[in-house]
1. Gain in length, Thr212 to Asn141, computed as 0.36 nm per residue apart minus the alpha-carbon separation, to one decimal in nm?
2. Suppose every K and R has +1 on its Cβ and every D and E has -1 on its Cβ; what is the size of the dipole of the stretch 286-406 about the Cα centre, in Debye to the nearest 20?
3. Would you mind checking the stretch 154-168 for residues with the amide N under 19 Å from a putative spin-label position 7 Å along Cα→C-beta of Leu377?
4. Got a sec? Charge dipole of the stretch 223-356, +1 on Cβ for Lys and Arg, -1 for Asp and Glu; which of Ile259, Phe301, Gln275 is way out at the positive end?
5. Taking the Cα centre of the chain as origin and charging only Cβ (+1 Lys, Arg; -1 Asp, Glu), how large is the dipole, in debye to the nearest 20?
6. Rounded to the nearest 500, what is the 222 nm mean residue ellipticity of the chain from helices alone, with -39500 (n - 2.57) per DSSP H run of 4+ residues and division by all residues?
7. On a straight-distance basis, which aspartates and glutamates could pair with Lys402 in a cross-link, Cα separation under 14 angstrom, same-chain partners fewer than 8 positions away excluded?
8. Once fully extended, how much extra length lies between Ala265 and Val63, figured as 0.36 nm per residue of separation less the alpha-carbon to alpha-carbon distance?
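The values are calculated or read from the model by the stated rules, or taken from the named source; none is laboratory data. This is a predicted model, so every value here is computed, not measured. Cβ atoms come from the backbone with ideal geometry, glycine included; neighbour counts cover every protein chain shown. We work out accessible area using only protein heavy atoms, side chains counted, and drop any ligands, DNA or RNA first. Shrake-Rupley method; radii C 1.70, N 1.55, O 1.52, S 1.80 Å.
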Amino acid sequence: MTTKLKLIFMTYHEQILLAPFGLFIGAIVGAMDALFGRVLLFLTDVRVLHPLLLIPFLPLAGVIIAFFYKRYGGASSRGMDLVFAVGHGEEEVIPLRLVPFVISGTWLTHLFGGSAGREGVAVQIGATLSHWLGKRLPVKNASSIFLVTGMAAGFSGLFGTPIAATLFALEVLVAGSLKYRALLPAFTAAYAASSTAQLLGLEKFSFPLTSTLALTPATWGKLILLGFLFGIIGGGFAWCLKKAKNIAKSVLPQAIIRIFVMGIALSILLLLFYQGRYSGLGTNLITSSFSSQEIKPWDWFLKFILTIITLSAGFQGGEVTPLFAIGASLGVILAGLLNLPPALVAALGYASVFGSASNTLLAPIMIGAEVFGFQNLPYFFIVCSISYVFNMNKSIYAKQRKSTNF
């Protein structure tokens with residue numbers, strides 16, 4: 001047997017062997033996602049009912065987060081950067097303590113009004129648990145394969161989009177390259193996580209679109225313009241987030257002081273702008289975008305700015321759900337300007353701003369299909385492809401590498 005044939009056989013053998021472990025990991029991560037997600041939604045409801053009582057204490061919540069990370073967090077304070085470093089072989093261990101730290105930090109951030117997401121937590125939960133298991137299996141490269149598997153499970157359990165989650169985990173570590181060796185276990189883990197989380201009561205957001213467009217030359221032109229604009233916004237978000245983090249660390253190098261001072265400014269701004277309208281995940285803006293409720297022309301911009309301030313200060317969470325909100329609310333405004341169906345353009349913004357900010361292509365296309373209906377796949381392919389091209393090759397993930405293969 002030639003060396004090439006041996007490699008192919010070993011790859012298939014690994015895939016088949018690890019697929020059942022993917023089901024096991026998916027079930028565990030899905031249960032963790034359900035617990036995390038349901039508590040987060042409960043805390044969000046509490047904050048929405050009492051914004052004036054909770055948002056002013058955001059700086060103190062930040063001090064608690066920063067103090068415990070500094071005193072006890074160790075390497076876990078690196079969060080997604082650590083996950084990516086392990087994925088690239090730069091580090092070997094993700095400490096299990098990362099899981100309770102990132103969960104509790106995100107709960108505090110959302111209870112007291114920080115503008116942040118949740119996918120970063122889910123991905124870190126999945127990556128940490130799955131990588132820990134992979135290091136204990138007597139299979140070559142099991143730990144690196146299971147890192148991707150866990151990322152897929154975490155994303156899928158939270159959002160209920162197993163196809164998009166699988167593709168996200170395969171393509172996010174290195175833009176322009178797919179981790180095919182993890183395909184089958186990632187696929188089984190994603191479906192197991194999604195099914196488990198929904199079985200345990202974590203609902204999936206979906207909105208079947210009824211609007212359709214004929215792909216005329218004029219429509220093509222509008223879709224290309226939308227892709228360009230969403231690409232600039234997503235890439236701009238990633239660029240601004242990186243710059244804001246660097247500036248914050250330069251001006252306020254002490255983490256506790258930084259999160260306290262920026263937390264004060266952030267709590268004032270969050271209360272000033274409609275008493276917490278831009279706090280939390282941004283699901284209120286997403287709901288409004290798809291239910292004909294009022295979307296203000298500046299909603300997307302204020303969510304953009306306040307999310308960057310929240311994350312650059314050191315509060316916990318993620319970027320993806322705020323990016324969904326930014327894209328959807330901007331889409332409603334652009335739909336009016338371009339005379340297009342608001343819900344359809346909001347859906348296109350929902351998917352493509354996430355894709356351009358994360359520098360991924362396949363995942364956002366499938367997010368659009370799984371959330372809004374597969375019959376709309378051509379629209380998502382066009383807009384997400386254009387936004388990917390025009391995102392300036394930026395990413396919200398600082399450790400993401402760029403493929404040199406074309």
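1. 21.0 nm
2. 400 debye
3. Those under the cut-off are 161-168.
4. It is Ile259.
5. Dipole magnitude for the chain comes out near 880 debye.
6. -23000 deg cm²/dmol
7. Within reach: Glu171.
8. 71.3 nm
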